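Notes for the one structure printed next.
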Amino acid sequence: MTGLSHNAQWVLVSTLMLGSAAGLVGCIAYWKRQSLMGDALAHAALPGVVGGFALLGFKSLPVMLAGAAASALLGALAVAAIRSHTRIKEDTAMGIILSVFFGLGIMLLTIVNRMPGGGQSGLDKFIFGQAAAMVRQDMLVMTAAAVVVLLVVLISFKEWKLYLFDPAFARGLGLSGRLMDAIWMTLLVAVIVIGIQAVGVILMAALLIIPAVSARYWTHAFSRMLALSALFGGGAGAAGTWISTLGDGWPTGPFIVIAAAGMFLVSLLFGLRKGLLVTAMLRRRQVRRLRAETVRSETLAEGEALP
């Protein structure tokens with residue numbers, strides 16, 4: 001970190017830890033086939049942020065983040081209610097909640113900005129993030145949250161495997177699916193809440209989705225995918241932050257997403273399991289093998305046909 005200011009170092013460590021935690025949670029979301037849930041809850045957190053400011057009339061980050069957590073959890077409950085009591089599919093329910101809550105947040109933001117002092121609140125920064133405004137305390141909070149997420153995933157690694165890949169066997173062993181759902185949702189909301197200040201409600205979904213998808217191109221093993229997803233997420237956070245320090249006023253959040261997208265493209269092309277290059281090479285080998293077998297069969301058939 002030589003050459004970086006103290007504030008830039010704090011931001012880099014914060015985004016590194018945030019990306020790692022988001023990668024772990026995003027990997028679980030990938031196998032639950034609920035990657036869109038992170039996007040929906042990130043957008044659903046915006047009304048809570050604005051509501052926390054409006055409640056006090058001044059900017060208090062703990063209150064605003066608590067409001068974001070409450071709003072995101074309310075969005076999760078709304079998705080579950082729509083899925084349970086209607087014939088609407090889960091992805092459609094997520095899309096509905098995403099749009100409605102984000103629209104509500106923008107409406108509240110417009111109202112609050114017209115209040116005395118609202119124009120200087122900086123609430124609009126929560127849409128795209130403002131990592132440069134983070135201080136040492138924010139770094140400590142993100143680091144602590146990321147460590148908690150890491151410990152929860154590692155300590156209950158066997159339970160996560162059963163919960164995701166063999167839920168019937170897990171129920172037979174007495175593992176509560178509702179409890180695991182609640183733990184996963186808590187982890188997801190926690191990562192979203194601590195991350196919206198850095199990358200915003202719109203870009204937060206990228207840190208939850210892209211690292212996990214990128215890791216899938218390199219391995220089929222769940223444990224390795226968790227590690228790679230955390231590595232890609234943390235790497236994207238650190239790389240995007242470092243690149244943003246090279247220019248004057250360059251936004252950190254978008255560069256983090258661009259760095260994550262770059263890792264995805266590399267994985268898409270060169271991934272050892274499902275990469276396009278490896279897939280093309282395997283297909284070429286199969287074609288050559290089929291051609292060789294065809295030529296061999298034809299040669300044998302011609303030899304048998306000779307008197």
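The values are calculated or read from the model by the stated rules, or taken from the named source; none is laboratory data. In this text, all values refer to a predicted model and were calculated from it rather than measured experimentally. Positions of Cβ are backbone-derived with ideal geometry, glycine not excepted, and every protein chain shown enters the neighbour counts.
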| message | I want to confirm something. Restricting to region 198-245 and keeping residues that are hydroxyl-bearing (S, T, Y) and at pLDDT 90 or above, which single residue is farthest from V149 (Cα to Cα)? | response | Y217
| query | Does A80 fit the bill of being in contact with a Leu (Cβ under 8 Å, 6 or more places away or on another chain) and either touching a residue at least 60 places away in the same chain (Cβ under 8 Å) or hydrophobic (A, V, I, L, M, F, W, C) (or both)? | reply | no
| field | Residue ID - surrounded by the most Cβ atoms within 10 Å (Cβ to Cβ), chosen from residues in region 11-42 that are of a type outside the set (A, V, I, L, M, F, W, C), at pLDDT below 90 and assigned to a helix (DSSP H, G or I) | value | T15
| request: Tell me, please, whether a residue that is surrounded by 19 or more Cβ atoms within 10 Å (Cβ to Cβ) and over 30 Å from R33 (Cβ atoms) can be found in region 225-241. | output: yes
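Of the residues S229, S214, which single one is within 28 Å of S99 (Cα to Cα) and touching a Pro at 6+ places or on another chain (Cβ under 6 Å)?
Numbers: S214 fails: touching a Pro at 6+ places or on another chain (Cβ under 6 Å).
On inspection, the qualifying residue turns out to be S229.
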| query | Before we move on, is I194 closer than 19 Å to D39 by Cα and over 10 Å from the mean Cα position of the chain (by Cα)? | reply | yes
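Quick one: is L187 farther than 18 Å from A42 by Cα, under 21 Å from the mean Cα position of the chain (by Cα), in contact (Cβ under 8 Å) with a residue 24 or more places away in the chain and not in a loop (DSSP other than H, G, I, E, B)?
Working: farther than 18 Å from A42 by Cα: no; under 21 Å from the mean Cα position of the chain (by Cα): yes; in contact (Cβ under 8 Å) with a residue 24 or more places away in the chain: yes; not in a loop (DSSP other than H, G, I, E, B): yes.
In short, no.
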| note | Within region 43-53, of all residues that are within 18 Å of the chain's Cα centre (by Cα) and assigned to a helix (DSSP H, G or I), the one farthest from D91 (Cα to Cα) is L46
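Here are G75, G52, G48, G38: which of them is in contact (Cβ under 8 Å) with a residue 24 or more places away in the chain and over 15 Å from T186 (Cβ atoms)? Break it down into steps so the answer makes sense when it comes.
On the way: G75 fails: over 15 Å from T186 (Cβ atoms); G52 fails: in contact (Cβ under 8 Å) with a residue 24 or more places away in the chain; G38 fails: over 15 Å from T186 (Cβ atoms).
Matching residue, one of G75, G52, G48, G38: G48.
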| query | Here are some conditions: (1) part of a helix (DSSP H, G or I); (2) in contact (Cβ under 8 Å) with a residue 24 or more places away in the chain. F58 meets all but one. Which one does it not meet? | reply | (1)
| Within region 215-222, is even one residue farther than 30 Å from N7 by Cβ, in contact (Cβ under 8 Å) with a residue 40 or more places away in the chain and surrounded by fewer than 14 Cβ atoms within 10 Å (Cβ to Cβ)? | yes
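Regarding L268, is this residue farther than 30 Å from L98 by Cα and either of a type in the set (A, V, I, L, M) or not in a helix (DSSP H, G or I) (or both)?
Numbers: farther than 30 Å from L98 by Cα: no; either of a type in the set (A, V, I, L, M) or not in a helix (DSSP H, G or I) (or both): yes.
No, not satisfied.
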| field | Checklist (1) of a type outside the set (F, W, Y); (2) within 20 Å of M107 (Cα to Cα); (3) at pLDDT 90 or above applied to I82, failing item | value | (2)
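For the condition more than 23 Å from R224 (Cβ to Cβ), touching a helix residue (DSSP H, G or I) at 6+ places or on another chain (Cβ under 7 Å), at pLDDT 85 or above and among the aliphatic types (A, V, I, L, M), what is the one hit in A145, A182, A190?
Details: A145 fails: at pLDDT 85 or above; A182 fails: touching a helix residue (DSSP H, G or I) at 6+ places or on another chain (Cβ under 7 Å).
Checking each option against the conditions leaves just A190.
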| said: Against the definition (within 18 Å of V199 (Cα to Cα), buried (at least 21 other Cβ atoms within 10 Å of the Cβ), touching a Leu at 6+ places or on another chain (Cβ under 9 Å) and modelled with pLDDT of 85 or more), how does A260 come out, yes or no? | reply: yes
| task | Just need a number here: residues in region 245-257 that are crowded, with 16+ Cβ neighbours inside 10 Å and free of Cβ contacts under 8 Å to residues at least 60 places away in the same chain. | result | 2
